[in-house]
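*Asks:* Take a look at the following structure, please.
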Amino acid sequence: MIDPRFIPFGRHAFLLTHTNPLAVMHHIQQANLADVVDVIAAQDCVLVRVTEASAATSTQLMGLLDTVDDADFDDVSRHDERTQLDLEVVYGAPDLDEVAARCAMSVERVIALHSQAAYRVAFCGFVPGFGYLTGLPAELHLPRHDLPRTHVPAGSVAIAAGYSAVYPRESPGGWHLIGHTRAVLFDVENDPPSLIEPGLNVRFTPVREAIPLSSAQHDAGTELEAADRNDAEVVNPGMHTIVVDHGRRGWGSIAVGSAGPWDSAAFATATRLVGNTDTAAGLEIVGSGLHLRAQRSMTVAVTGAPGPIWLRSGQSERLLDLNAPQHLSPSEELLLGPTYDGLRRWLAIRGGLDVPATLGSRSTDTLSGLGPPQLQAGDHLPIGTSYDMQPVVDYLPTSLEEGRGDQTLTVPVYPGPDAGRFADIGVLYRQDYTVTPHSNRVGIRLHGNPLEAPIDSSLRPSYPMVSGAIQLPPNGQPVVLGPDHPVTGGYPVIAVLQDPAGAAQWPPGAKIRFREISSVLP
């Protein structure tokens, strides 16, 4: 029987429940276990991401969990010796009067209560540098807005659901805005990049003078540099093309997700086909239309969904093989046609893409804005030297047959951490779902007969998420999280994909039926 304090969360994570999650996170980080990729604390739980869930790793983690004392780790954040962050705040924001009215007190009383409280960062989530601060006086506890704002300025000080927080960047948001600060809470140029970290104490100090509110923090994205020579020119970026590499690891505690290729195995195959190192950057491509022009001789490989790939040389064109290295001479062009039986492809160029790294990765994160922007026509992709061998594989056979049409795809899933809270979870497995067009790397939205969520879903605390988790929002329509998902989430998780990479190939309109399989551990 699985210990209720220790829940497998798909194939690559464990969810550990404990009254002192910061102490648990600290103990696991200090243990330096070989299979642990990241440790993320949240409310009364810790997510441990691993290379592959195993009985040996679970035994090690359980042993550590049993040694944690509730009084442990009651002092500092992990990057430096700061124990408290003082933030100057100008109170007076769109919701301050409403908060006072709903709490049946004066505006002055709201400001006094909020500024005199002692806060602590319980965990980070939502976007990089967004900290959930405990210590908000009970008199100021209000639920989130029913309809979130589409635009909340960076530096906004807010309260909701028993927490206080500061929005580190311009973003949507459903919290009550009561003030603002000019402090830059997240900047990738700083070390550490986030002023807010789990375990840090925070104080708000009211100030009267006007503080200019920055409309944006330091731009976490990186521009693709103009060409001067040896590169690949983007003639047409296609439907959606981004830069990917191995992804970001170890930043989950400050709400920075891993990003990276949706199907890491397919991307790794392209990398090996051209002889690149494991850390080399390439491209993830949705659908058709990508058109590149070589400015120098280069070797490329495309993997993923089958579909035509053309090499244009002058006035002539010829069809290239998928899953095979291909040579391009200067001025030759690579064009990707429509995909069969899938949606995404991955392209590697020998040497890798030499674009700037952000927090150790060149990957684009479409949710947080970290990394290079989506490719645009006229961009130039500089080619680096991230190779260490000649290609050792010259061809991987694949079928170019037409796709399965309206055939329903059966997808195996593990039970989710919240599956037991549903009166009839079997509804999830007794129907087909349709992939909607409102899907991306953050999440795939499905449509079917709505599932009825437990009545206490709105009270469920946020906890860390994984790629492949199937969340159930209030409308009862499941959402499958992709590689750019928020680090934490508040909706129930009813199931987890056995193979999250497979969802990369679900096009809009695809029919999906879930099949429950037993837990990842015996």
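The values are calculated or read from the model by the stated rules, or taken from the named source; none is laboratory data. Model, not experiment: these values are computed from the prediction. Positions of Cβ are generated from backbone atoms using ideal geometry, with glycine treated the same way; all protein chains shown enter the neighbour counts.
*Asks:* Taking residue 474, is it within 19 Å of residue 449 (Cα to Cα) and without any contact (Cβ under 8 Å) to a residue 60 or more places away in the chain?
*Replies:* Spelling it out, residue 474 is indeed within 19 Å of residue 449 (Cα to Cα) and without any contact (Cβ under 8 Å) to a residue 60 or more places away in the chain.
*Asks:* Do we have any residue at all in the range 85-98 that's out of contact with any strand residue (DSSP E or B) (no Cβ under 9 Å at 6 or more places or on another chain) and modelled with pLDDT of 80 or more?
*Replies:* Scanning the range 85-98, I find at least one residue that is out of contact with any strand residue (DSSP E or B) (no Cβ under 9 Å at 6 or more places or on another chain) and modelled with pLDDT of 80 or more, so the answer is yes.
*Asks:* Given the criteria under 30 Å from residue 407 (Cβ atoms), not acidic (Asp, Glu) and not assigned by TED's automatic domain parsing to the domain that holds residue 506, does residue 282 qualify?
*Replies:* Considered against the rule, which asks whether it is under 30 Å from residue 407 (Cβ atoms), not acidic (Asp, Glu) and not assigned by TED's automatic domain parsing to the domain that holds residue 506, residue 282 comes out as no.
*Asks:* Condition (residue is over 16 Å from residue 254 (Cβ atoms), without any contact (Cβ under 8 Å) to a residue 40 or more places away in the chain and of a type outside the set (Val, Ile, Thr)) applied to the range 175-192: is it met by at least one residue?
*Replies:* Yes, the range 175-192 contains a residue that is over 16 Å from residue 254 (Cβ atoms), without any contact (Cβ under 8 Å) to a residue 40 or more places away in the chain and of a type outside the set (Val, Ile, Thr).
*Asks:* Here's another thing I want to ask about it. Would you mind finding the one in 244, 234 that is buried (at least 24 other Cβ atoms within 10 Å of the Cβ) and either at pLDDT 90 or above or under 17 Å from residue 344 (Cβ atoms) (or both)?
*Replies:* 244
*Asks:* Do we find that residue 334 is among the hydrophobic types (A, V, I, L, M, F, W, C) and closer than 27 Å to residue 257 by Cβ in this structure?
*Replies:* Here the answer is no, as residue 334 does not meet what is asked.
*Asks:* Would you mind finding the one in 101, 93 that is part of a helix (DSSP H, G or I) and small (Gly, Ala, Ser)?
*Replies:* Result: 101 is the single residue among 101, 93 that is part of a helix (DSSP H, G or I) and small (Gly, Ala, Ser).
*Asks:* Now a separate question. What are the residues in the range 346-384 that are over 25 Å from residue 305 (Cβ atoms) and polar (S, T, N, Q), if any?
*Replies:* Within the range 346-384, 358, 368 meet the criteria.
*Asks:* Which one of 109, 144 is assigned to a loop (DSSP other than H, G, I, E, B) and more than 21 Å from residue 257 (Cβ to Cβ)?
*Replies:* The unique qualifying residue is 144.
*Asks:* Hey, another quick one. Could you pull out every one of the strands (runs of 3 or more DSSP E) wholly within the range 309-354 that has 3 or more residues that are closer than 13 Å to residue 294 by Cβ? Quick ask: steps written out before the conclusion?
*Replies:* Working: elements: 309-313, 316-320, 326-328, 333-336, 344-349.
Those strands (runs of 3 or more DSSP E) span 309-313, 326-328, 333-336.
*Asks:* Further, regarding this structure: Limited to the range 1-60, what total is found for residues that are of a type in the set (S, T, N, Q), farther than 19 Å from residue 253 by Cα and surrounded by 15 or more Cβ atoms within 10 Å (Cβ to Cβ)?
*Replies:* Total meeting the criteria: 3.
*Asks:* Residues in the range 297-306: is at least one in a loop (DSSP other than H, G, I, E, B), surrounded by fewer than 21 Cβ atoms within 10 Å (Cβ to Cβ) and either at pLDDT 95 or above or in the same structural domain as residue 236 (by TED's automatic domain parsing) (or both)?
*Replies:* Looking through the range 297-306, at least one residue is in a loop (DSSP other than H, G, I, E, B), surrounded by fewer than 21 Cβ atoms within 10 Å (Cβ to Cβ) and either at pLDDT 95 or above or in the same structural domain as residue 236 (by TED's automatic domain parsing) (or both).
*Asks:* While we're looking at this one, here's another question. Only residues that are at pLDDT below 80, hydrophobic (A, V, I, L, M, F, W, C) and touching a helix residue (DSSP H, G or I) at 6+ places or on another chain (Cβ under 8 Å): list them for the range 382-432, please.
*Replies:* Across the range 382-432, the qualifying residues are 392, 393, 396.
*Asks:* Hey, among the residues in the range 309-323 that are over 28 Å from the mean Cα position of the chain (by Cα) and touching a residue at least 40 places away in the same chain (Cβ under 8 Å), which one's nearest to residue 270 (Cα to Cα)?
*Replies:* We begin by selecting, within the range 309-323, every residue over 28 Å from the mean Cα position of the chain (by Cα); these are 309-322.
Then drop every residue that is not touching a residue at least 40 places away in the same chain (Cβ under 8 Å), which leaves 321-322.
Values: 321: 12, 322: 10 Å.
Top of the filtered list is 322.
*Asks:* Now for a separate question. With (1) of a type in the set (A, V, I, L, M); (2) assigned to a loop (DSSP other than H, G, I, E, B); (3) more than 21 Å from the chain's Cα centre (by Cα) as the list, and residue 466 as the residue in question, which single condition is left unmet?
*Replies:* (3)
*Asks:* For the range 253-293, what are the residues that are surrounded by 24 or more Cβ atoms within 10 Å (Cβ to Cβ) and assigned to a helix (DSSP H, G or I)?
*Replies:* Listed by number, the residues that qualify are 253, 254, 267, 270, 271, 273.
*Asks:* Return the residue satisfying two criteria in turn: it lies in the range 469-489 and is under 15 Å from the mean Cα position of the chain (by Cα) and small (Gly, Ala, Ser), and of such residues it is modelled with the lowest pLDDT.
*Replies:* 489
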